[in-house]
Amino acid sequence: MSSSESQSSQQGRHQEVGHKSLLQSDALYQYMLETSVFPREPECMKELREITAKHPWNIMTTSADEGQFLNMLLKLINAKNTMEIGVYTGYSLLATALALPDDGRILAMDINRENYELGLPVIEKAGVAHKIDFREGPALPVLDLLLEDEKKQGSFDFVFVDADKDNYLNYHKRLLELVKVGGVIAYDNTLWNGSVVAPPDAPLRKYVRYYRDFVLHLNRALAADPRIEICQLPVGDGVTLCRRIK
């Protein structure tokens, strides 16, 4: 590729905040957003997406198409008792809260309350803050405490994990005991910027290279786990759905 072609390619890259689409054509992704996603995006989610766009870590946000997918999925499985590990400003959390019935509940965990509070006024204005039990700090100790209570075992309908990739398998071990048989765990970023198929000498960002091996290990482990059925989708940065069957 010539330098002029390379420049043109870079200029044509999609600039949407949270853009993690693995579609080869950015124009196709834009078409999907403008045709099916943005026209149906609730005003509160649009507001939170725009607030998040101004944050320096906005690449961490859930993309609008993935938010729409999660919202639909939760309604399809009639989820009521859910969990989210990794919240950031709360875009996926708001998508979840809007999908749940009025007495639905979300146990939400993140190590940074400040980011969560950035989106909290929007969540409150949307009238769904009462569904959220936010816990600041690492998730593993919370999960261990939940497992000590027999009533909590097998009590969750749905769990969304979008956090530290090096702990995904540690989460999985615990979550399989907390989600009910027939319940769903969704792991985000399982295609990890497409790096899962990158050659060893590929020029990757440091954080992408560091977590790639953890993502590869996770994908192999999920594919071999007889306790679940899986479906890996090229939505956002790749999301793998795990349905507990044992």
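Numbers at a glance
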| item | result |
| --- | --- |
| Selection from I106, L176, S25 lying farthest towards where the dipole of the chain points positive, charges on Cβ | L176 |
| Percent antiparallel among DSSP beta bridges (both partners in the chain, rounded to 5) | 35 percent |
| Positive dipole terminus of the chain, leading residue within G119, A224, P42 (C-beta point charges) | A224 |
| Distance from the stretch 74-108 to the stretch 121-175 (C-alpha centre basis), Å | 10 Å |
| Accessible-area value, D164, 1.4 Å probe, nucleic acids and ligands omitted, Å² | 50 Å² |
| Trypsin sites (Lys or Arg not before Pro) lying in DSSP loop within the stretch 194-233, provided at most 10 other Cβ fall within 10 Å | R205 |
| Listed residues A139, A95, A27, most fluctuating in the chain (Gaussian network, C-alpha, under 10 Å) | A27 |
| Charge dipole magnitude, Cβ of K and R +1, D and E -1 - the chain, Cα centre, debye nearest 20 | 500 debye |
| Three-way shape label, the stretch 39-146, alpha-carbon gyration tensor, a/c 1.5 | oblate |
| Length released on extending from H55 to R135, taking residue separation times 0.36 nm less the Cα-Cα span | 26.6 nm |
| Rounded to 10°, Cα long-axis angle of helix 206-224 versus longest principal axis of the chain | 50 degrees |
| Accessible area (Å², per residue) of the stretch 41-244, counting only protein heavy atoms and a probe of 1.4 Å | 47 Å² |
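The values are calculated or read from the model by the stated rules, or taken from the named source; none is laboratory data. This structure is a prediction, so every number in the text was calculated from the model and none was measured. Heads up, the Cβs are rebuilt from the backbone with ideal geometry, glycines too, and the neighbour counts pull from every protein chain shown. For accessibility, only protein heavy atoms count, side chains too; no ligands or nucleic acids. Shrake-Rupley method; radii C 1.70, N 1.55, O 1.52, S 1.80 Å.
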